[in-house]
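**Student:** Before I ask anything, let me first share the structure, which is written out below as structure tokens.
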Amino acid sequence: MSLPLVFIVAVAKNGVIGGDNQLLWRLSGDLKRFKALTMGKPMIMGRKTFDSIGKPLPGRETIVVTRDPAWSHEGVHVARDLDAAVALADQLGQAMGASEATVVGGAEIYRQLLPRAARVEWTEVDLAPAGDARFERLDPREWLESAREAHFRNLEAKDEADYAFVTYQRITNGLAPR
Ligand SMILES: NC(=O)c1ccc[n+]([C@@H]2O[C@H](COP(=O)([O-])OP(=O)(O)OC[C@H]3O[C@@H](n4cnc5c(N)ncnc54)[C@H](OP(=O)(O)O)[C@@H]3O)[C@@H](O)[C@H]2O)c1
């Protein structure tokens, strides 16, 4: 059986997730959660998101999706389409002993892979910045909020907003999978 695909995304109140190929906020707790949720797992990302990070992140297998046949980067797996990316994530994840494969953006990749996602780990960011990358609302007929954890900004860590970690499970046959 193939590994479930888990989205990890931080979304502002107005649906914005980024602008000018950058994240638009600093949230130390969210960075820690991102690390915890992705460590030891494959991560699928779009070429633009990879460019904004600039390097593969240690302890994870990075799969970059691009249509550019010439694109490559040391320490990174390349997929030319989404089917190839998902198949590779599954193969690498099984080899790593991971329980799931992750999808970490950006907007184009989330939009195209959402129908295949089993769970979304959503950080609700209490800001409404201008930006050009967005995440669509989840249809409540298809997604069930199964966990929520609210956090105040950590001023010592220079956090720029309050936030909440929210887990959505895809509803299958009227029941959310465990
Ligand atoms: N808040 C968050 O959680 C979060 C997470 C990640 C990213 N972001 C933000 O999202 C923004 C980037 O998102 P984006 O939508 O502009 O770009 P993206 O999804 O990261 O990357 C888009 C690129 O992926 C490749 N691609 C897309 N669909 C493909 C397909 N079907 N087959 C093959 N290749 C495909 C293309 O690369 P080529 O052009 O090379 O062919 C395309 O230009 C940035 O602002 C970033 O900071 C936010």
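The values are calculated or read from the model by the stated rules, or taken from the named source; none is laboratory data. Just so it is clear, the structure is predicted and the values come from calculations on it, not from any experiment. Neighbour counts are summed over all protein chains in view; Cβ atoms, including those assigned to glycine, are modelled from backbone coordinates with ideal geometry.
**Student:** Which one of the conditions (1) in contact with a Ser or Thr (Cβ under 8 Å, 6 or more places away or on another chain); (2) closer than 25 Å to Ser146 by Cα does Phe50 fail to meet, given that it meets all the rest?
**Tutor:** The single condition Phe50 does not satisfy is (2).
**Student:** Tell me yes or no: at least one residue of the range 39-62 is among the hydroxyl-bearing types (Ser, Thr, Tyr), more than 16 Å from the chain's Cα centre (by Cα) and near the ligand (Cβ under 9 Å from one of its atoms).
**Tutor:** no
**Student:** Ok, one more. Take Met39 and tell me if it is within 30 Å of His151 (Cα to Cα), of a type in the set (A, V, I, L, M) and crowded, with 21+ Cβ neighbours inside 10 Å.
**Tutor:** no
**Student:** Sticking with this structure for a sec: Arg153 passes all but one of (1) more than 18 Å from Asp30 (Cα to Cα); (2) more than 13 Å from the ligand (Cβ to nearest atom); which number fails?
**Tutor:** (1)
**Student:** For residues in the range 82-106 being within 16 Å of the ligand (Cβ to nearest atom) and out of contact with any helix residue (DSSP H, G or I) (no Cβ under 9 Å at 6 or more places or on another chain), which is farthest from Thr167 (Cα to Cα)?
**Tutor:** Here the answer is Ala84.
**Student:** Cβ-Cβ under 6 Å, sequence separation 6+ or interchain: first residue in the range 1-17 and closer than 17 Å to Leu27 by Cβ and part of a strand (DSSP E or B), partner among the hydroxyl-bearing types (Ser, Thr, Tyr) and within 13 Å of the ligand (Cβ to nearest atom). Which pairs?
**Tutor:** Short answer, once both residue conditions are applied: Ile8/Thr102; Ala10/Thr123.
**Student:** Please count how many residues of the range 6-36 are of a type in the set (A, V, I, L, M, F, W, C) and surrounded by fewer than 17 Cβ atoms within 10 Å (Cβ to Cβ). Let's see the steps before the verdict.
**Tutor:** Kept after step one, since they are of a type in the set (A, V, I, L, M, F, W, C), are these residues of the range 6-36: 6-12, 16-17, 23-25, 27, 31, 34, 36.
With the extra rule that they be surrounded by fewer than 17 Cβ atoms within 10 Å (Cβ to Cβ), the set shrinks to 31, 36.
Number satisfying all stated conditions: 2.
**Student:** Could you pull out the residue among Gly59, Gly29, Gly15, Gly54 that is more than 25 Å from Pro115 (Cα to Cα) and touching a strand residue (DSSP E or B) at 6+ places or on another chain (Cβ under 7 Å)?
**Tutor:** Gly29
**Student:** Residue under question is Ala79, and the condition is that it be more than 8 Å from the ligand (Cβ to nearest atom) and at pLDDT 95 or above; does it hold? Spell out how you get there, then give the answer.
**Tutor:** On the way: more than 8 Å from the ligand (Cβ to nearest atom): no; at pLDDT 95 or above: yes.
No; evaluated as a whole, the condition is false for this residue.
**Student:** Follow-up. Within the range 96-107, restricting attention to residues that are under 17 Å from the mean Cα position of the chain (by Cα) and assigned to a loop (DSSP other than H, G, I, E, B), which residue is farthest from Pro4 (Cα to Cα)?
**Tutor:** Gly106
**Student:** In the range 127-153, which residues are surrounded by 13 or more Cβ atoms within 10 Å (Cβ to Cβ) and outside any loop (DSSP other than H, G, I, E, B)?
**Tutor:** Ala133, Arg134, Trp143, Leu144, Glu145, Ser146, His151
**Student:** Do you know which residues across the range 75-95 are outside any loop (DSSP other than H, G, I, E, B) and either surrounded by fewer than 19 Cβ atoms within 10 Å (Cβ to Cβ) or in contact (Cβ under 8 Å) with a residue 60 or more places away in the chain (or both)?
**Tutor:** Passing the criteria: Ala79, Leu82, Asp83, Ala84, Val86, Ala87, Ala89, Asp90, Gln91, Gly93, Gln94, Ala95.
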